[in-house]
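Take a look at the structure set out below.
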Amino acid sequence: MWWIHTLTLLAFLPLIPHTKHLHLILSPLTIFLKRDTFSQIPPLAGDEDFGLVSGKDISRITALQAYSCVECGRCTEHCPANNTGKELNPKLIALGVRDYLNEYGPENETPLLAATVSQTAVFQCTTCGACEYQCPVGIQHLPIMIGLRRGAVNTGGWENDHGTKLFLNLERNGNAMGFSQSERDKFINKQQFPIFDGSQEYCLWMGCMGSYDPRGREIIVAFASVMQYLGSTYGVLKKERCTGDPARRLGNDLVFGQLAETNLQTLAQTGAKKIVSICPHCVRTMAEDWREFGATVEIEHHSEFLARHADRIPQNHKNGNTVFHDPCYLGRYRGVYDEPREVIARAGNLVDPPRARERSFCCGAGGGLVFLGEETGQRVSDARVKELVATGADAIAAACPFCNTMFRDALSAGPADAPKLLDIAQIVARQIEDVAVPLGERGPVRTETSSQDDRR
Ligand code: SF4
Ligand code: SF4
């Protein structure tokens, strides 16, 4: 019997490269050769590189990945855009590149977005990374997706009023919402946030949301009060700009580069070494994307900071059952899952929704989409909130100001007895409210180093 199998196999072997079963040979190679970091966006090669425009821009690794697709559909099954009735289907993005190569060849100058890939679909991606995470053969959808967006933006093929306004806001005002910097100054003065001058332990990165958005401001105020309670000294930057995250994810490298370089100059001038942020998008962009400019920025998310100090956060179960939503840029992008849970468990009974941790379902804001107006189909945030509310929890805990703002809108349309929505910083701030001692009576400010010493 075995020799019948062997003969059949030998007879079919020469046919494999000419069929869709080519992936049998290619997929092990793809897994071996895939880029190291999750969603790593390769830098543009120079002024003549406009991104993934046509066949001549398809790199070998992208071609290899496109031919390795086993068409299992796992990427699509987990895609929040596809799950909510949008055109985007990540499997068809990979297969679109393959079809292009088969039909037009690698040196062709016909734009991919005019041939085998839909531009509308490409700009529906929240960059949540679920597809890339799920793919069994290591296909990296995000560099393809961002490459295609770069191509569309740099060749003027993407016409979107919201997108144009966003890029202008970032260029002119240094923030995604288009507010004047003086609005941020007023907020800092009102809150009496110290300005970072190199003498404090932490630079508290406020981000666009923490600087201008009312809900984001509540989170930053809560977190600042917690830092103060814990005795960690901090200061905020006077001239902070957007990290460039939405420009980067939407394919505008020019604006992204300008913002990154301006911020890096500011950080160098102030001598900030340790940075902490309430926004996983800021953390990702500064820690990874800014490397393109030779920067290594030591930054952490506030969940990591809070978890490190968890033993000093008062414990009670004030919040009852609390369901935690893993933000894509904290979980899949940074691998931080346990830290926010550790913090939440100090204040309530932690509950996980059906899709949690690596399988978390996006809030719909990422990839710059929060700034692009209404979605087609069901709103991703509505789908996610429904799932979170269905757990029956008393509170929803978030750890990203974008998730927070998306869920706030989704919950506002729901019943009056909907669970309360809190960022983990707000949860901790409520925990310490009862035990907080007025500043003047608190004794000397302790640094993190001294508080760690105390615990030894
Ligand atoms: S990154 Fe998320 S939204 Fe974009 S295609 Fe992949 S799964 Fe869909
Ligand atoms: S998960 Fe990977 S192999 Fe499966 S269909 Fe999607 S891209 Fe292809």
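How high is the relative contact order of the chain, in percent, with contacts defined as C-alpha pairs under 8 Å that are six or more residues apart? Can you show the working numbers first?
Numbers: 750 pairs, mean separation 69.9, N = 456.
Over the chain, the number comes to 15 percent.
Rounded to the nearest 0.05, what FRET efficiency do ALA345 and THR164 have when you use their Cβ-Cβ distance and R0 = 51 Å?
With a Förster radius of 51 Å, E is 0.70.
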Practice task
Go through region 371-383 residue by residue and turn each phi into a ³J(HN,Hα) via Karplus (6.51, -1.76, 1.60, θ = phi - 60°); whole Hz please, and just put x for glycine and proline.
Solution key: 9, 9, x, 5, 8, 8, x, 6, 6, 4, 5, 5, 4
Handout entry: Net lengthening on full extension, GLN192/ALA390 (0.36 nm per residue, minus Cα-Cα)
Key = 67.3 nm
Handout entry: Residue-by-residue Karplus 3J(HN,Hα) for region 49-63, coefficients 6.51, -1.76, 1.60, Hz, glycine and proline x
Key = 8, 9, x, 8, 9, 9, x, 5, 9, 7, 6, 4, 5, 5, 5
Practice task
Take every DSSP beta bridge whose two residues both sit in the chain, then give the antiparallel share in percent to the nearest 5.
Solution key: 5
Exercise for the section: List every residue whose amide H lies under 5 Å from the amide H of HIS325, counting only residues 5 or more places away in sequence or on a different chain, with H placed 1.01 Å from N in the peptide plane. Expected result: ALA397
Practice task
Enter the angle in degrees (range 0 to 90, nearest 10) between the Cα long axis of helix 161-173 and the first principal axis of the Cα atoms of the chain, meaning the one along which they spread out most.
Solution key: 50
Handout entry: Those lysines that a straight Cα-Cα span of less than 23 Å connects to LYS186, excepting residues fewer than 8 apart in one chain
Key = LYS238, LYS239
Fill in the blank from the handout: Result for the chain, cysteines with no Cys Cβ partner under 4.7 Å, is CYS69, CYS72, CYS79, CYS125, CYS135, CYS203, CYS208, CYS242
Handout entry: Packing-based order for 113-119, 150-156, using average beta carbon neighbours within 10 Å, highest first
Key = 150-156, 113-119
Problem - Amide H within-cut-off set for CYS363, under 5 Å, with H built and near neighbours excluded - result: CYS328
Exercise for the section: Pull up all non-local amide H partners of VAL236: gap of 5 or more, or a different chain, and H-to-H distance under 5 Å with H placed in the peptide plane. Expected result: ILE195, PHE196, LEU204
Practice task
Quote the Stokes-Einstein diffusion coefficient, in whole µm² s⁻¹, for region 167-308, based on the Kirkwood radius over alpha carbon pairs, a temperature of 10 °C and a viscosity of 1.306 mPa s.
Solution key: 106
Practice task
Inverting the mean 1/r over all pairs of different Cα atoms, compute the Kirkwood radius of region 315-433 and quote it in Å.
Solution key: 14.4
Completion exercise
If HIS141, HIS309 are placed from fewest to most neighbouring beta carbons inside 10 Å, the sequence is HIS309, HIS141
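For the chain, what does -39500 (n - 2.57) per DSSP helix run (n ≥ 4), summed and divided by total residues, give at 222 nm, in deg cm²/dmol to the nearest 500?
So the calculated ellipticity at 222 nm is -13500 deg cm²/dmol.
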Fill in the blank from the handout: In order over region 344-354: 3J(HN,Hα) from phi, Karplus 6.51/-1.76/1.60, θ = phi - 60°, whole Hz, x for each Gly or Pro, gives 5, 5, 6, 10, x, 8, 6, 10, 9, x, x
Problem - Globularity index of region 229-380, i.e. its alpha-carbon radius of gyration over 2.2 N^0.38 Å - result: 1.17
Handout entry: Cα centroid of region 388-421 to Cα centroid of region 126-170, whole Å
Key = 27
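Suppose we flag GluC sites (Glu not before Pro) only when DSSP calls them loop and at most 16 other Cβ atoms lie within 10 Å. Which is the longest uninterrupted stretch of the chain? Mind showing how you got there, number by number?
Numbers: sites that count: GLU48, GLU71, GLU87, GLU107, GLU109, GLU159, GLU374.
With a cap of 16 other Cβ atoms within 10 Å, the longest stretch comes to 160-373.
Once R0 is set to 30 Å, what does the formula 1/(1 + (r/R0)^6) return for the Cβ-Cβ distance between ARG60 and LYS238, expressed as a FRET efficiency to the nearest 0.05?
On the way: r = 46 Å, r/R0 = 1.53.
Plugging the Cβ-Cβ distance into 1/(1 + (r/R0)^6) gives 0.05.
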Handout entry: Length-normalised contact order for region 315-433 - Cα pairs under 8 Å, 6+ apart - percent
Key = 33
Handout entry: Span from the region 224-259 Cα centroid across to the region 52-109 one, whole angstrom
Key = 33
Fill in the blank from the handout: Pseudo-spin-label distance THR155 to LEU254, built 7 Å along Cα→Cβ, given in nm, is 1.7
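Using only Cα atoms, what Kirkwood radius does the chain have, in angstroms?
Evaluated on the chain, it is 23.5 Å.
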Exercise for the section: Compute the length gained on full extension between ARG291 and LYS274: take 0.36 nm times their separation in residues and subtract their Cα-Cα distance, giving the result in nm to one decimal. Expected result: 4.5 nm
Handout entry: THR120-ASP99 pseudo-label distance in nm [points 7 Å out on the Cα-to-Cβ vector]
Key = 1.5
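Read the figures in this text as sums done on the coordinates, not as results from a lab. Nothing here was measured: the structure is a model prediction, and the numbers come from that model. All Cβ positions, glycine included, derive from the backbone under ideal geometry; neighbour counts span all protein chains shown.
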